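Each remark here refers to the structure printed beneath this line.
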Amino acid sequence: MTTTQPAHTPLGSLPPREHLRLGQIDTVLDVVIPVYNEESDLEPCVRRLHDHLSRTFPYGFRITVADNASTDRTPEISASLDETIDEVTAVRLEEKGRGRALRTVWSLSDAPVLAYMDVDLSTDLNALLPLVAPLISGHSDLAIGSRLARSSRVVRGPKREFISRSYNLILRGSLAARFSDAQCGFKAVRGDVAERLLPMVEDSGWFFDTEMLVLAERAGLRIHEVPVDWVDDPDSTVHIVRTATEDLKGVWRVGRALATGALPLDRLARPFGDDPRDRELTGVPRGLARQIMGFCVVGALSTLLYLGLYSLFRLGVGPQPANAAALLLSAVGNTAANRRLTFGVRGRERVVRHQAQGLVVFGIGLALTSGSLAALDAAAGDPAHGTEMAVLVAANLAATLLRFLLFRAWVFTDRERDREQGRERQRERKGGDGGDGRDGGDGRGGVQDRHTAVPDHPAAVREHPGPVREHPGPVREHPAPVPGRHTPVRNLPTPAPDVQHPTAAPHHPGRSPR
């Protein structure tokens, strides 16, 4: 039976979610188990997982053992499992890193649903089908097991409990993450989403899946959470301090990239489905609640900046010049912050025009606050400094409300953003006319552009994700045999960082996984 993949889509957006056509797909699920020196746990884990999937999973599946440069008998054991169990495939990588292993195997796999779990099987396997079911149905884009959900049952020591909860609080406070558990080794992603998402993820270690979740959530993808039963592995080889340090570095790097708009998250955008209730209505403002919240935060910070500058300038000049200078400086910062954070306008296009319009809004605010000061001076003669500050705060609140209305209706209008997005889509379509109208002009589906942002992306990522794949299993190359055993393990060396053009995996005959 042939395996039919969804049609490749242009880089501008992802297609609407839809249920997988399961009757046309041999291997629906590819479960990756990344291992490093796990000779004692590997075989019992794989056999237990294989038995569970054979009994409970209603579709074709594959188990891929990703060996991260192990130095013990792990390669030999994984090769033996590959040889004796049809649904098991062994992959050998010459460098360590869980993220590197997942990126490599997921990029090679043609299964429409990709998952991974830790070799210790700390998570109850009964959660596996609920984990991937929303991805198969098309309801969600990613799925994660959560040990922090109310209905989860977890057995672990207080130190790991404290570290896990503290880490997730850091993610919520610094990156505004809304998912509950970033570190649970029990996750899944749709193949079409992984094809776009993996090139944006830089980390190759333990922070890999956290970065993947943060980017997916910021792009508006749907993340499904499954409460799990989880028992801590007391023999875990994870170095807590080193891992925590690397995670904090990753949080800083991702936060900076998100703040500067360096990531093309629009490539992960999902359009609404076919439900008529999801269609856009004319005349209805979009994102009003989020814009009001963002504007209030920016306004509060701008007000504090304004009051500080006014107090500073008031030491040397009169109230009117101090008010004008403080309002001018805070208005420039306020316009820039609202442009990026509140109304989501990125890039430098029209930035001068927006600042000019912002200065007009500033002039209106200046008239309100200056008029308030003049009225106070006329009424009280020589008012106290505290009275001046109180009047200015009230006038600033009125100016703030007017500023939001003018920003939304005149400066950063939905119509202007729609025109900019339309021009961007036209540029993408013009760049994709060279092949079948769906790629980047060179007939390769825009692959080169997708991979330039990731220095560590494996060279074996398939280049032409055509609609029909006759051999759903990853290609296996047979190295020199281990004495006394067959060793059909693939060796996948990590490419040099300057590789820009991924090459298609060679076509070799091999048995179908299921």
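The values are calculated or read from the model by the stated rules, or taken from the named source; none is laboratory data. What you see is a predicted model; the values in this text were computed from it and never measured. So basically every Cβ, Gly included, is an ideal-geometry build from the backbone, and we count neighbours across all protein chains shown. All accessible areas refer to the heavy atoms of the entire protein, side chains included, with ligands and DNA or RNA removed. Shrake-Rupley method; radii C 1.70, N 1.55, O 1.52, S 1.80 Å.
Laid out as a table, the results:
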{"item": "Accessible area, probe 1.4 Å, largest first, for residues Trp106, Trp230, Trp410", "result": "Trp410, Trp230, Trp106"}
{"item": "Theoretical gain in end-to-end length, Phe162 to Arg150 [0.36 nm per residue, Cα-Cα removed]", "result": "2.7 nm"}
{"item": "Extension gain from Ser174 to Ala262, taking 0.36 nm per residue of separation minus the Cα-Cα distance", "result": "30.0 nm"}
{"item": "Intensity falloff of region 294-340 expressed as log10 I(q)/I(0), Debye formula with alpha-carbon point scatterers, at q = 0.14, 0.28 Å⁻¹", "result": "-0.32, -0.91"}
{"item": "Estimated FRET transfer efficiency (His52, Lys249; beta-carbon r; R0 56 Å; 0.05)", "result": "0.95"}
{"item": "Val317 paired with Glu94, simple spin-label distance in nm, labels 7 Å along Cα-to-beta-carbon", "result": "6.7 nm"}
{"item": "Distance (nanometres) between label positions extended 7 Å along Cα→Cβ at Asp382 and Arg218", "result": "5.5 nm"}
{"item": "Length gained when the stretch Leu305-Leu341 is fully extended (0.36 nm per residue, less Cα-Cα span)", "result": "11.2 nm"}
{"item": "Solvent-accessible area per residue for region 92-139 (1.4 angstrom probe, square angstrom)", "result": "25 Å²"}
{"item": "Cα convex hull volume per residue for region 135-255 (Å³)", "result": "113 Å³"}
{"item": "Accessible-area value, Val297, 1.4 Å probe, nucleic acids and ligands omitted, Å²", "result": "80 Å²"}
{"item": "Tyr59, Tyr116, reordered so the largest accessible area comes first (probe 1.4 Å)", "result": "Tyr59, Tyr116"}
{"item": "Thr56, Thr74, ranked by accessible area, largest first (probe 1.4 Å)", "result": "Thr56, Thr74"}
